[in-house]
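Taking it in order: structure first as structure tokens, then the write-up.
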Amino acid sequence: MTLGEWATLLPLSYQERAVEILSRWISPDELSRAELTQMVADAYCGFGHCGDPDVVAPVVHLEGSHYILELFNGPTASFKDLALQLTPRLFDRAAQEADTKYMIIVATSGDTGSAALEGFGNVGINTMVLYPKSGVSDIQRAQMTSTPLDSTHTIGVDGDFDWCQTCVKTLFNDAELAAELESEFGVTLSAANSINWGRLLPQVVYHSSAYLDLVNQGVVQLGEPVDVCVPCGNFGNILAAVYAKAMGVPFRDFTVAANKNNVLSDFVMTGKYDLRKRELLKTISPSIDILISSNIERMLHLLCAKNPEMADAGAEVDRCFKQLKTEGYFELSPALFEMLNKEFSGGWATEEQCGATIKAVFERTGYLLDPHTAVAKHVVDSAPRADEADVPMLISSTAHYGKFASDVVQIVGGSEVDASPAKMLDDLGKFAKLPRPHRQLLDVVNRDPLHKVTVGANLSEVKAEIKAFLARTR
């Protein structure tokens, strides 16, 4: 899109912008504009849980040249809602046309699970979530295990997120399982994680819309650059910003912010993806406790495709990931690393630095960051840009602080550290005026858990749960 075409989107609502941007990717022969418009309207009508019901993904000024893109106004209080309220509607439409019955299987590090259950469950598609039972916050667990829909099933796994994600990919490649599910239940497996392109595409919209909001607020003139920082785990959120840039949004630099599971920040700074001698560490920012990042494959393919020296982009990506699987390591060629290094920088935060950032920002501004957004804020504060007075930094706030109330309370106070989740949320809402409390989180913590199944990190146990779930719901 040209700058002139982007200018026509300036006066539009988020929903109207979404239709215009998505229609550049989705052929009207596949989905009519009227259908797309209705799906977008339905997807985002349930937002505004932190204030104005017409606001989906607002941009607010934090301090100096730093702006927060608030991505937590959806029903489950994380950025995953921006995609997983729309993707299920697109998926359901395509599945009906294909006359195929699907089951969605999801690996989650905390936020994707509840968003997928909310999105796919509400359109009646069977959805099963695997989460690391010791690797999510109490409120994230409550969101996933209290879902009342019969079409949903949530399983705690005695393993980490990387095991859950690898398990899902293994299931998709299991021809014997696929044949059994088709013959016995008439079902095909599919994904809600960002390995599904339909999950990633709606995320392009909110990055693009954020830039337009900065123009409308007079922060930049149309065409002037903006930098972006995203707390990264699976690399999908920041990659969506890269695709927005490819569409013509004048984003300049992308900063990868990591916690102490800092394989991604190391990668963008060195060109080396090295899992040797690493183990996944639990942090207070669990949604980015990830070592094996799916969307790095997409990023490398995009870089290879831009490089005239790479005759076969797929072969180079295949080389890297085969080496990662066999040796736990790969290194980019000098040409590819140079391309990566031109657009990306990276940094990471310790637990102490993350907590200190939450406390300091709250004391300075009155704004309460969640631990993931605080990771990003620490990284941009630690590496001042020479021209930051002239180039705004857009920081993706990927979750509402309420999802991590127990950790936030220990950092800033506002409630007793041994209080119930419901009391913590209520007290924090009175203690912190910005952002506003998230109404649906207050409802969730008062629900009883309905999904109590746990399994070991064992593929056969997961397969058994899939079959038992389908037997109950057919």
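The values are calculated or read from the model by the stated rules, or taken from the named source; none is laboratory data. As the structure is a computational prediction, the values presented were derived from the model and not from experiment. With ideal geometry, Cβ positions are generated from the backbone for all residues, glycine too; neighbour counts draw on all protein chains shown. Note: areas computed on protein heavy atoms with side chains; ligands, DNA, RNA excluded. Shrake-Rupley method; radii C 1.70, N 1.55, O 1.52, S 1.80 Å.
What the table below lists for this structure:
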item: Tyr329 being among the hydroxyl-bearing types (Ser, Thr, Tyr) and crowded, with 18+ Cβ neighbours inside 10 Å; result: no
item: Qualifying position, being closer than 22 Å to Gly124 by Cβ, hydrophobic (A, V, I, L, M, F, W, C) and in a helix (DSSP H, G or I), among Leu181, Leu177; result: Leu181
item: Hey, Ser345 assigned to a strand (DSSP E or B), open to solvent by 10 Å² or more (accessible area, probe 1.4 Å), within 30 Å of Asp274 (Cα to Cα) and hydroxyl-bearing (Ser, Thr, Tyr) or not; result: yes
item: The range 402-420, subset open to solvent by 10 Å² or more (accessible area, probe 1.4 Å) and either in contact with a Cys (Cβ under 8 Å, 6 or more places away or on another chain) or among the hydrophobic types (A, V, I, L, M, F, W, C) (or both), residue nearest to Glu351 (Cα to Cα); result: Ile411
item: Matching entry among Lys423, Lys377 (being surrounded by 15 or more Cβ atoms within 10 Å (Cβ to Cβ) and under 30 Å from Leu222 (Cα atoms)); result: Lys377
item: Filter result for Arg439 (closer than 22 Å to Phe47 by Cβ and surrounded by fewer than 14 Cβ atoms within 10 Å (Cβ to Cβ)); result: no
item: Which numbered condition Ala419 fails, given (1) in contact with a His (Cβ under 6 Å, 6 or more places away or on another chain); (2) over 24 Å from Gly74 (Cα atoms); result: (1)
item: Residues of the range 51-77 that turn out to be crowded, with 24+ Cβ neighbours inside 10 Å, hydroxyl-bearing (Ser, Thr, Tyr) and closer than 21 Å to Met393 by Cβ, as a count; result: 0
item: Residue within the range 117-138 that is acidic (Asp, Glu), on the phi < 0 side of the Ramachandran plot, surrounded by fewer than 24 Cβ atoms within 10 Å (Cβ to Cβ) and out of contact with any helix residue (DSSP H, G or I) (no Cβ under 7 Å at 6 or more places or on another chain) present; result: no
item: Tabulated pairs, the range 218-246, first over 16 Å from Val263 (Cα atoms) and assigned to a strand (DSSP E or B), second open to solvent by 20 Å² or more (accessible area, probe 1.4 Å) and not β-branched (Val, Ile, Thr), C-beta under 6 angstrom, 6+ apart or interchain; result: Asp227/Arg252; Asp227/Asp253
item: Test for Asp443: is it more than 22 Å from Pro75 (Cα to Cα) and of a type in the set (Asp, Glu); result: no
item: Pair list, Cβ under 8 Å, 6 or more apart: the range 335-358 residue in contact (Cβ under 8 Å) with a residue 40 or more places away in the chain, other residue of a type in the set (Gly, Ala, Ser) and part of a loop (DSSP other than H, G, I, E, B); result: Leu336/Gly271; Phe337/Gly271; Leu340/Gly271; Asn341/Gly271; Ser345/Ala383; Gly347/Ala383; Cys354/Ser285
